[in-house]
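Step one of this worksheet: look at the structure below.
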Protein chains: 2
Amino acid sequence: MTQVSDPRGRPAAGRPTDLIGKPASLIPTPALVVETEALDRNLRLMSDFFACRHAKLRPHFKSHKCVTIARRQLAAGNAVGITCAKLSEAEVLAAGGVRDILIANQVVGRDKLQRLAELARQCRLAVAVDDESQVRQLSAALAETGATVGVLVEVDIGLGRCGVPPGARALLLGRAAAAAAGIDSLGLQSYEGHCITVLDPEERRRQALASMGKAVNTRRLIEASGLLVRVLSGGGTGTYDMTGVMDGVDEVQAGSYALMDHSYAKRRPEFAIALSVITTVISSNGSDHAVLDVGLKGVGADLGPPVLAERPEDTIPRFESEEHASVRVGGRPLKVGDRVRLIPSHGCTTCNLHRRLFAVRDGKVEDVWPIEGSGCLE
Amino acid sequence: MTQVSDPRGRPAAGRPTDLIGKPASLIPTPALVVETEALDRNLRLMSDFFACRHAKLRPHFKSHKCVTIARRQLAAGNAVGITCAKLSEAEVLAAGGVRDILIANQVVGRDKLQRLAELARQCRLAVAVDDESQVRQLSAALAETGATVGVLVEVDIGLGRCGVPPGARALLLGRAAAAAAGIDSLGLQSYEGHCITVLDPEERRRQALASMGKAVNTRRLIEASGLLVRVLSGGGTGTYDMTGVMDGVDEVQAGSYALMDHSYAKRRPEFAIALSVITTVISSNGSDHAVLDVGLKGVGADLGPPVLAERPEDTIPRFESEEHASVRVGGRPLKVGDRVRLIPSHGCTTCNLHRRLFAVRDGKVEDVWPIEGSGCLE
């Protein structure tokens, strides 16, 4: 049983953990719920996939931001550590006992690099770089603490965000990292994120392999120069069985497979949707219009409106209020007080809006898990 | 000096309050910043507008979710209390010493109504209703605590969200509220939210007056029946000087005027933009492409991408990553480590993503304010 403290010390609200063992129908709404049976099945399925492969999982924390789930992902096996997006996420992971962490982003600035160097005394830590100034500043910060940090040179293979171009520039930066004191030059990171939204799996595979091929070629180029590349880390839930089985790829940074959402469900039907937001009807005209007690502040909508889990005839045509979801009711009427379960379009931006996850099994609250990484922006 | 505790107890990160008195350039990014000089000016301007009017302000907490700003809005004068969207927001406001609170939404369910009835023992509290079942359940909950709660019948004047239609249905519900024990039947609430996005002020005024006219007519109908209507509450920053000066309107629930954003700046040039998100360049190609350390998890983008405050030649054409903003650089190149200030399109959804607001004056950190209402969804 996990203790969830409420820093705001609300009066009369009761503690969420008081609900453990009680029916899920008593959870105050809106609330984020994970069906633990579906979660366990998803973790098992992904772990089994990597059981007899060269590449291993490095589950991405940014999708759920919940240290309890990260620990379960490691316990499920075939995982070498956890991926996260931010230094502050790495800090909560280390505080939660995770011992091998990759920050799959550039960490910039003297203060943050000092924090990073401090954190590296507590756990095995790696970070992505794409600029020589980052390597120099990181090395300087590490000189103060005497710790070691692994570095992955990020190579842009078509996403058009961070990273150096494939080829010679990556080799140069890898050499700089290998020469810098305190830095363990581990290898490369590449994310084929521009391919994961492709709906057709064969087209997605074609594009993802072509993209990741650039990273593998860069790896070969660096190795041919005599520099060791121990890790090429990349991939995600959309491509784990495509780029994750390529020769030269060592780690897959999948995250969404644990909880899923209705966007990924179209691309990855093998995983169950374990995440939902339970809501209450607060207004109804008794026929074709009803309003739920959640809006943009409780459901991430960057990939579209949520869908109603048990009511396929109902839709939320425009999801644009901060605290309301207006439902076009096509099925049986909804009345004030009815509870409705929503499936978000995007689990990652939804979890970040909540502070706790109600773990539910067989209709009962099994546990309440803090979402420690919620709001971890630094 | 406000104490900001970090419930995650991060190691080595330092406390945000350690920055008080130091240059704003030391704030770790991404961070939410309020220029207090602009904030003070906005609060003064809005308060002055209502100085010699019948209607008074009831500033909306949902825009900033910061109790310190709510207290300043009350202290600026011509305000009768605070508006909020959720019961949990009312709880943090009451805990922060606010004594007159309107929850401008339907609060549904036995547990929440018990919390509401409990809270009503600590402060003057009112809530919106649009269904007789809510009135009955609220009255039952109040019987247990002996407290009184004010009720505003919500009338839908065109927004198409919550509320009964104008006219007879509102009268019926007002009568039910007046007859229910523990309930103080205060009057009506109507929100002309469908008009506030109209860019042209004259067209906005025309639409807003026509909409709010339906609420005023409903008020007259109820009064003609012999039932007292003490309050008609509605409006917002987009219409405060339109519907806020109508005969029959008593309270204006404006919120965005305090901090502003770049959407409202087009409609309300009289208020200064006091809110921004400071970010750091984490990647750059040295010419036309740079990446900032904030994305959808730190800047609300439901009204469009943020804009760069001091760099009008630069744009963020697609703001769709969780932790990155890709800048199309049109001005002088950005290099890794540069700090860039972003103005959000929507302040309300942005504040909800942060835990603290750095109050800055003359380039120095003046204070750090907790955003107590962040994540208050219940």
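The values are calculated or read from the model by the stated rules, or taken from the named source; none is laboratory data. This structure is a prediction, so every number in the text was calculated from the model and none was measured. Glycine also receives a Cβ, built like all others from the backbone with ideal geometry; neighbour counts cover every protein chain displayed. Accessible surface areas use protein heavy atoms only, side chains included; no ligands, DNA or RNA. Shrake-Rupley method; radii C 1.70, N 1.55, O 1.52, S 1.80 Å.
Key figures for this structure:
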read-out	value
Selection count, the stretch B:46-67, where residues are farther than 22 Å from B:SER345 by Cα and modelled with pLDDT of 95 or more	12
Any chance B:VAL299 is more than 29 Å from A:LEU357 (Cβ to Cβ), surrounded by 20 or more Cβ atoms within 10 Å (Cβ to Cβ) and modelled with pLDDT of 95 or more	no
Flag if B:ALA170 is in contact with a helix residue (DSSP H, G or I) (Cβ under 9 Å, 6 or more places away or on another chain) and open to solvent by less than 10 Å² (accessible area, probe 1.4 Å)	yes
Residue that is nearest to B:LYS86 (Cα to Cα), among those in the stretch B:351-373 that are part of a loop (DSSP other than H, G, I, E, B) and in contact with a strand residue (DSSP E or B) (Cβ under 9 Å, 6 or more places away or on another chain)	B:GLY373
Some residue of the stretch B:327-335 being under 29 Å from B:ASP40 (Cβ atoms) and not charged (D, E, K, R)	no
Residue count for the stretch A:4-35, restricted to those that are modelled with pLDDT of 95 or more, assigned to a loop (DSSP other than H, G, I, E, B) and touching a strand residue (DSSP E or B) at 6+ places or on another chain (Cβ under 6 Å)	5
Subset of the stretch B:271-289 that is within 10 Å of chain A (Cβ to nearest Cβ) and either of a type in the set (Gly, Ala, Ser) or within 20 Å of A:VAL164 (Cα to Cα) (or both) - its residue that is most open to solvent (accessible area, probe 1.4 Å)	B:ASN285
Enumeration of residues in the stretch A:226-237 that are crowded, with 24+ Cβ neighbours inside 10 Å and either touching a Gly at 6+ places or on another chain (Cβ under 6 Å) or more than 18 Å from A:LEU74 (Cα to Cα) (or both)	A:LEU232, A:GLY235
Selection status of B:GLY234, touching a Phe, Trp or Tyr at 6+ places or on another chain (Cβ under 6 Å) and of a type outside the set (Asp, Glu)	yes
Failed item, numbered, when B:VAL368 is tested on (1) open to solvent by 20 Å² or more (accessible area, probe 1.4 Å); (2) farther than 30 Å from A:GLU154 by Cα; (3) more than 7 Å from every other protein chain (Cβ to nearest Cβ)	(1)
Scope the stretch A:207-225; condition more than 13 Å from A:GLY158 (Cβ to Cβ), open to solvent by 80 Å² or more (accessible area, probe 1.4 Å) and either among the charged types (D, E, K, R) or in contact with a helix residue (DSSP H, G or I) (Cβ under 8 Å, 6 or more places away or on another chain) (or both); matching residues	A:ARG220
Filter result for B:VAL307 (over 16 Å from the mean Cα position of the chain (by Cα) and open to solvent by 30 Å² or more (accessible area, probe 1.4 Å))	yes
Close pairs from the stretch B:281-303: first closer than 30 Å to B:THR197 by Cβ and among the hydrophobic types (A, V, I, L, M, F, W, C), partner at pLDDT below 95 and assigned to a loop (DSSP other than H, G, I, E, B), Cβ under 9 Å, at least 6 apart	B:LEU303/B:THR197
Members of the stretch A:334-347 found to be away from chain B (no Cβ under 13 Å) and open to solvent by 20 Å² or more (accessible area, probe 1.4 Å), listed by number	A:ARG341
Count of the stretch B:132-150 residues which are more than 10 Å from chain A (Cβ to nearest Cβ) and either buried (at least 20 other Cβ atoms within 10 Å of the Cβ) or within 17 Å of B:LEU188 (Cβ to Cβ) (or both)	7
Qualifying residue in the stretch A:198-209 (condition: part of a loop (DSSP other than H, G, I, E, B), touching a Lys or Arg at 6+ places or on another chain (Cβ under 6 Å) and closer than 30 Å to A:SER139 by Cα)	no
Residues located in the stretch A:113-128, provided they are in a helix (DSSP H, G or I) and open to solvent by less than 10 Å² (accessible area, probe 1.4 Å)	A:LEU113, A:LEU116, A:ALA117, A:LEU119
All positions within the stretch B:36-94 that are among the aliphatic types (A, V, I, L, M), open to solvent by 30 Å² or more (accessible area, probe 1.4 Å) and assigned to a loop (DSSP other than H, G, I, E, B)	B:ALA51, B:VAL80
Given (1) under 12 Å from the mean Cα position of the chain (by Cα); (2) more than 14 Å from chain B (Cβ to nearest Cβ); (3) within 21 Å of A:GLY150 (Cα to Cα), index of the condition A:LYS86 fails	(2)
Answer residue from the stretch A:290-333, given it is among the charged types (D, E, K, R) and within 12 Å of chain B (Cβ to nearest Cβ) and is farthest from B:VAL299 (Cα to Cα) among those	A:ARG328
Scope the stretch B:97-112; condition more than 11 Å from chain A (Cβ to nearest Cβ) and either in a helix (DSSP H, G or I) or open to solvent by 20 Å² or more (accessible area, probe 1.4 Å) (or both); matching residues	B:GLY97, B:ARG99, B:ASP100
Qualifying residue in the stretch A:244-265 (condition: crowded, with 21+ Cβ neighbours inside 10 Å, within 10 Å of another protein chain (Cβ to nearest Cβ), not in a helix (DSSP H, G or I) and not polar (S, T, N, Q))	no
Selected residue (only one of B:LYS62, B:LYS56 is within 12 Å of chain A (Cβ to nearest Cβ), among the basic types (Lys, Arg) and either within 26 Å of B:GLY244 (Cα to Cα) or under 16 Å from the mean Cα position of the chain (by Cα) (or both))	B:LYS62
